[in-house]
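Accompanying notes for the structure given below.
Any read-out appearing in this document is the output of simple, stated calculations on the displayed coordinates, not a laboratory observation. Everything numeric here is computed off the predicted structure, so don't read it as measured data. Cβ coordinates were reconstructed from backbone atoms using ideal geometry, including for glycine residues, and neighbour counts include every protein chain displayed.
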There are 2 protein chains.
Amino acid sequence: MNAAHLDPDEFRRQGHAVVDWIADYYRHVEEFPVRSAVHPGDIASALPLDPPAGGEGVEALLADLDRIVLPGLTHWQHPSFFAYFPANTSGPAILGDLLSSGLGVQGMVWATSPAATEVETRVMDWLAELLDLPQRFRSGGAGGGVINDTASTAVLTVSVAALHRASHGQARVDGLRGQYTVYCSTEAHSSVAKAVAIAGVGSQQLRLIPTVSPGGPMDVAALAAAMTADHAAGLVPTMVVSAVGTTGTGAVDPTAEIAAVAAQHRAWVHVDAAWAGVAAVAPEYRGLTNAGLELADSYATNPHKWLLTTFDCDALYVADSAALIGAMSQTPEYLRTRQSDAGTVIDYRDWHIQLGRRFRALKLWAVLRHYGSAGLAAHIRTGVSLVDRLLAGLQKDARFTVTHRQLSLVCLHLTTGAGLDADNTATLALMHAINDSGAAYLSHTSVDGRTLLRVAVGTPSTEERHIDALLDAMRAAANNVIPETAATAAAAAHTATDEPAGR
Amino acid sequence: MNAAHLDPDEFRRQGHAVVDWIADYYRHVEEFPVRSAVHPGDIASALPLDPPAGGEGVEALLADLDRIVLPGLTHWQHPSFFAYFPANTSGPAILGDLLSSGLGVQGMVWATSPAATEVETRVMDWLAELLDLPQRFRSGGAGGGVINDTASTAVLTVSVAALHRASHGQARVDGLRGQYTVYCSTEAHSSVAKAVAIAGVGSQQLRLIPTVSPGGPMDVAALAAAMTADHAAGLVPTMVVSAVGTTGTGAVDPTAEIAAVAAQHRAWVHVDAAWAGVAAVAPEYRGLTNAGLELADSYATNPHKWLLTTFDCDALYVADSAALIGAMSQTPEYLRTRQSDAGTVIDYRDWHIQLGRRFRALKLWAVLRHYGSAGLAAHIRTGVSLVDRLLAGLQKDARFTVTHRQLSLVCLHLTTGAGLDADNTATLALMHAINDSGAAYLSHTSVDGRTLLRVAVGTPSTEERHIDALLDAMRAAANNVIPETAATAAAAAHTATDEPAGR
């Protein structure tokens, strides 16, 4: 027997040890500083320079995880992780992904593992139903869903599909000639600019449309003007990205209005709802997250952010897969199969950039079966209500000015009474103080020159006491970064007009 | 407590059940037909139309895996899986990946989990050492390695870097204008054409260079002529992909000669050694796999194919990360960190398309520690020696003509004595007979109009008896697809000149 063969008994023994280690990690995750305190090179210098000689069991790996790796981790599953957006994991998702690793099948074409394709199609339909997405994104007609790794990859993928459609199939043959233009708001995620660069469109052909308010939704009149001007200049308006829940502030672009403008130019409308989209499992948020989706060509949301599905799991839906397949398909002889030739199956390799693909639907399947619609909605509502609690606390302290609130995301700054620069310095100092302490982890953004702290709630282990502790930490840090006199001035300057936008 | 919280005791119980299920799967994997026998829609129709109500434990999922999913899987870990290339998984890799899922950290920038970055850098250096890659691909200088999902993504990524370098940074700003040309042989993987389409280069600017023999290495004189002609026409020769181990036949392009030609045009040289590259863990194959690498700009090989590391794990190395980072970097305020601003750390998000990234280095770390250089080399040698055994068997039967052999890949066809069309028909019929039987799984390719069966060995569970069984199945199937008289003619026509090329 090949010594590399997986021995079932040995796997069972080591697998139990790893499962136990993970269970213990979750029992103790709260005891770690949220953000790692190591310095650059600390971890590398603890690792041997030469490759290992082999022969080490999983116990040695676990010991090094405890000794070397854990101090070097920023703990995204810590209940006081409030930075970026949450990256939920959960028991069912971890185990679903473990099954995918264990089975080790490739679903690049239907024939290479029919269940990997058909379970994915069905599970993506279930998710569409749970989110109440329009019928056009379900399978059975021209559209359907596919799992990608990230929303970044999704926006690149649909960019290429949009170029294919706008060029009537010529883009992949001729290449680009600077004629195609892409639109998103100044608050859209940086992945749009990255996609435009990778797809060869060029940043000169990316129009960053202003927002109607600082950190707010796209100004559709400005979009219409830009598209009209480009068309008049002989360019081809190709795609508009509507952000449903921007990364900075959670702003929601008006997809329906955007789509109406885009339709005049036959431009592709992609809705990037990477973080916020999954909130639609709770029906009361669908007015926010799903407005206008019936007019969009594609839609992406990430169950790996706020829907308990271990990274990577981006859910990309298209209304008509023809442009996607037209842009992506390459069929050398060694990838031809009888079922593909007959056109009776989905070959997901033609729906994305990669060829190889693992059975990622298993983890989403496991999550949907474990939690169901009620459990998923409860998780989303917990995040929102924890932010209600955070806001109530912040509003009792005049030094904190909340500028934006959307679902489980809050943006705020310190008001020093000494002007914008002083506010920005104090706000960043507060963030660094909290992050350096290890008690919680926040991130920041900048809107029209103003530095804002972002508090994003949604890790499943977060409870009310963690919100209360964050409030305490913020007040204590504020004491250190705002001089006493400034604080008094701030209190005087604070008015009732500081109501947060959005919900 | 949020009901979505991971309960350690419940996770432990369910995790053990999943580990046991996987162990049982490996105990019984050989009993399944290799290729699934289901028809399109069979699996989907066994799944409920409506999303689950929730509340199901992992036991229900495992029961449905047994009942619905397993019959719909093509078993890539089956010892008689010989199609495509192997997609190795292994105990250490499965458990390393489980740890990554369990920790649920994001390594998009250094600060979001320093260990995720620094372990990856070190483990990629170890792999470079184990493969004896040139110093330029190690960290510490301008170069280094990064884990991607697939070699397809890797070739897209370096295409964008090559365009950035060739355009002196203008490509990402201006977009493309049809001026950049890319080169690979007619036998290169279809991912090159896909990358060229996605990156906006266009297939008209992709030069498919002929090979020196059917299914053989690139004709470098033809490459030189094409690059010179393009340059004379005012185009910019931008990148050449040298295939080390083509997918069809395992051919190895002459990287050093290619690089010498490319250097005249300052074109980027990417070596795509997706499958064959990892063979370099055994020193005797380095002359084949590593020749000329010291002249290449980038190099990719997939531990997830033949090096026991569960998909997805493509190892991409660049000699100088400047062009990669220059092409990929996007830094909105919310992704700025103090360490990144100081330039003292690697932020891998600038090395690839995605922003989010899981801790994939854990599985490669686990594999290298478990097997070590000797264990990995033994695994590679097992695959090669099993193919020696297969070849010896094939050579005793005049009906089988072996056209190519490289490492653990063999290409062959049936010789009917009735001409090419009859050979092709019989060869495909033999493949379908074996695949339909479930006893083994082969794939095919086509070289200059001739249909070839591909037998790719390398699954860790494959033993000599599986090779012997394959030979028996092939002989039996040949009896059915070649008429008796033709077989006699074939035997007469068979000569000693049918030696396979390569090794």
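Just a few scattered comments:
- Across the identical copies, how the B:Ala476 labels are spaced - nm, sorted shortest first, 7 Å along Cα→Cβ: 7.5
- Rounded to whole Hz, the Karplus (6.51, -1.76, 1.60) HN-Hα couplings of the stretch B:105-113, x for glycine and proline: 9, 10, x, 5, 10, 3, 5, 7, 3
- Using θ = phi - 60° and Karplus 6.51 cos²θ - 1.76 cosθ + 1.60, couplings along the stretch B:245-250 (whole Hz; Gly, Pro as x): x, 5, 5, x, 10, x
- A label point on A:Gln135, set 7 Å along the Cα-to-Cβ line, lies at 6.7 nm from each of its counterparts in the other copies, closest listed first.
- Secondary structure note: in the protein assembly as shown, about 60% of the DSSP beta bridges are antiparallel.
- Built amide H within the under 5 Å cut-off of A:Ser36, gap 5+: A:Thr74, A:His75
- Measuring r between the beta carbons of B:Glu333 and B:Asp436 and using R0 = 51 Å, the FRET efficiency lands at 0.30.
- With contacts taken as Cα pairs under 8 Å and at least 6 residues apart, chain A reaches a relative contact order of 21 percent.
- Residues whose amide H falls under 5 Å from that of A:Arg207, counting only those 5 or more places apart or on a different chain, are A:Val182, A:Tyr183, A:Cys184, with hydrogens built in the peptide plane.
- Chain A residue with Cβ closest to the axis mapping A onto B, distance in whole Å: A:Gly200, 1
- Only Cα pairs under 8 Å and 6+ residues apart enter the sum, and on that basis the relative contact order of the stretch B:128-194 stands at 24 percent.
- Each other residue within a Cβ distance under 11 Å of B:Gly356 adds +1 if Lys or Arg and -1 if Asp or Glu, for a net charge of +1.
- Sorted into 5 angstrom bins from 0, the C-alpha pair distances of the stretch A:370-493 split as 2, 11, 21, 23, 19, 11, 6, 4, 2, 1, 0 percent.
- Size descriptors for the stretch B:136-356, from the alpha-carbon set: Rg then Dmax equal 16.9, 55 Å.
- Cα pair distances of the stretch B:50-142 binned at 5 Å [whole percent]: 2, 9, 10, 14, 15, 15, 12, 11, 6, 4, 2, 0
- Whole-Å semi-axes of the ellipsoid equivalent to the protein assembly as shown (Cα gyration tensor, √5λ, descending): 47, 31, 27
- Sum of -39500 (n - 2.57) over DSSP H runs of 4+, divided by residues of chain B (222 nm, nearest 500): -13000 deg cm²/dmol
- 3J(HN,Hα) along the stretch A:42-51, derived from phi through the Karplus expression 6.51 cos²θ - 1.76 cosθ + 1.60 where θ = phi - 60°, amounts to 4, 6, 4, 6, 8, 9, x, 6, 9, x Hz, with x in place of Gly and Pro.
- Normalised by the number of residues in the stretch A:77-190, the mean separation of alpha-carbon contacts (under 8 Å, six or more apart) gives a relative contact order of 10 percent.
- A quarter of the convex hull surface defined by the alpha-carbon atoms of chain A gives 26.5 nm² as the mean projection.
- Axial C-alpha extent at least 27 Å, average Kyte-Doolittle at least -0.5 - helices from chain A (DSSP): A:361-394
- Taking Cβ atoms as reference points and 13 Å as the exclusive limit, the residues near B:Trp365 contribute a net charge of -2, counting Lys and Arg as +1 and Asp and Glu as -1.
- Ordering of A:348-355, A:452-459 by packing [mean C-beta count within 10 Å, highest first]: A:452-459, A:348-355
- Across the identical copies, how the B:Gln170 labels are spaced - nm, sorted shortest first, 7 Å along Cα→Cβ: 2.3
- Cα pair count fraction exceeding 18 Å, expressed as % - the stretch A:8-75: 48
- Long-range amide H partners of A:Asp314 with built H, under 5 Å: A:Asn148, A:Asp149, A:Thr150
- Unit charges on C-beta of K, R, D, E only; dipole of the protein assembly as shown, Debye: 1220
- Here, the stretch B:94-210 has an Rg and a Dmax of 17.4, 48 Å when only alpha carbons are counted.
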